[in-house]
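Participant: Below are the structure tokens for one structure; questions will follow.
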């Protein structure tokens, strides 16, 4: 019995500091759980509302799990407006702009990170300075330029002004600088030119940073509302966010608003965003963590 007691005492003695350390993290865990509920709560409410009747939306207490769920709301909402066209427009604009920002950002970042030329730092700081200018200030000048070019109410107005991004250049430049310079020297000894090194060595090693730029570019353009609303007039050129705004106005009849249909359309518009983030989550986290290591 004495041996068992001593063994139990030693076990408890060793476990006590570990338990005390675990207890010290409980406030952090509770804070994270609370933050998760706050973030996920609106999404759960949106999906729940999309599966209800209009009368059930105002039910007190609210029912988060509709019984039965009305999946037909999605079909009704999709057919009530030209959402297939809006969806296609957003996909085209987001993909084109994402590819443009990845290409222009990687080329510019390569020049700033690996090449030596006069005025390099000054030019880089000027590009960083443009990140401090709010987009709203540029709406009128950009609109005037596009009107002068005759690009209003076209896909060019939705894509060309955003084919380059200071944020993308900054993230990729920071990541390129973490790649050892010895790789450049070894590639040159093997007869590899700058373009070959850029395409065959540097870009494959920079997948995390490229995914960060691509995800941010896609999300920003998929969720863009003000700019597409200003530069387009035809219904055939509306993006998904502008279409949702018009659909909400169309579904509002006096004091009555068809919230189930609006929420069904909104939930559908989130599908590409969730897929993009789920696909690039591993690279996204790694690239965002490493992109600012070296200045």
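The values are calculated or read from the model by the stated rules, or taken from the named source; none is laboratory data. Since the structure is predicted, the reported quantities are computational estimates derived from the model, not experimental observations. For neighbour counting, all protein chains shown are included, and Cβ atoms are generated from backbone atoms with ideal geometry for every residue, glycine included.
Participant: I'm checking my understanding of the structure. Among residues of segment 143-160 that are free of Cβ contacts under 8 Å to residues at least 24 places away in the same chain and part of a helix (DSSP H, G or I), which one is surrounded by the most Cβ atoms within 10 Å (Cβ to Cβ)?
Facilitator: Filtering segment 143-160 for residues that are free of Cβ contacts under 8 Å to residues at least 24 places away in the same chain and part of a helix (DSSP H, G or I), the one surrounded by the most Cβ atoms within 10 Å (Cβ to Cβ) comes out as 160.
Participant: I'd like the full set of residues that are touching a helix residue (DSSP H, G or I) at 6+ places or on another chain (Cβ under 8 Å) and free of Cβ contacts under 8 Å to residues at least 24 places away in the same chain, limited to segment 228-269.
Facilitator: 229, 245, 248, 257
Participant: Next up: Restricting attention to segment 171-188, which residues are more than 16 Å from residue 115 (Cβ to Cβ), in a helix (DSSP H, G or I) and free of Cβ contacts under 8 Å to residues at least 60 places away in the same chain?
Facilitator: Result: 182, 186.
Participant: Separate question: Search segment 61-80 for residues being within 29 Å of the chain's Cα centre (by Cα) and surrounded by 14 or more Cβ atoms within 10 Å (Cβ to Cβ), and hand back the single one that is farthest from residue 49 (Cα to Cα).
Facilitator: Ranking the candidates gives 80 first.
Participant: Identify, from the list 109, 81, 122, the residue that is assigned by TED's automatic domain parsing to the domain that holds residue 202 and free of Cβ contacts under 8 Å to residues at least 12 places away in the same chain. Steps first, answer last, please.
Facilitator: Working: 109 fails: free of Cβ contacts under 8 Å to residues at least 12 places away in the same chain; 81 fails: free of Cβ contacts under 8 Å to residues at least 12 places away in the same chain.
Just a single option satisfies the conditions, and that option is 122.
Participant: For the condition over 25 Å from residue 277 (Cα atoms), out of contact with any strand residue (DSSP E or B) (no Cβ under 6 Å at 6 or more places or on another chain) and part of a helix (DSSP H, G or I), what is the one hit in 113, 214? Write out each step before concluding.
Facilitator: Values: 214 fails: over 25 Å from residue 277 (Cα atoms).
Answer to the check: 113.
Participant: Here is a further query. Which of (1) farther than 30 Å from residue 262 by Cα; (2) free of Cβ contacts under 8 Å to residues at least 24 places away in the same chain; (3) in a helix (DSSP H, G or I) is the odd one out, the single condition residue 191 does not satisfy?
Facilitator: (3)
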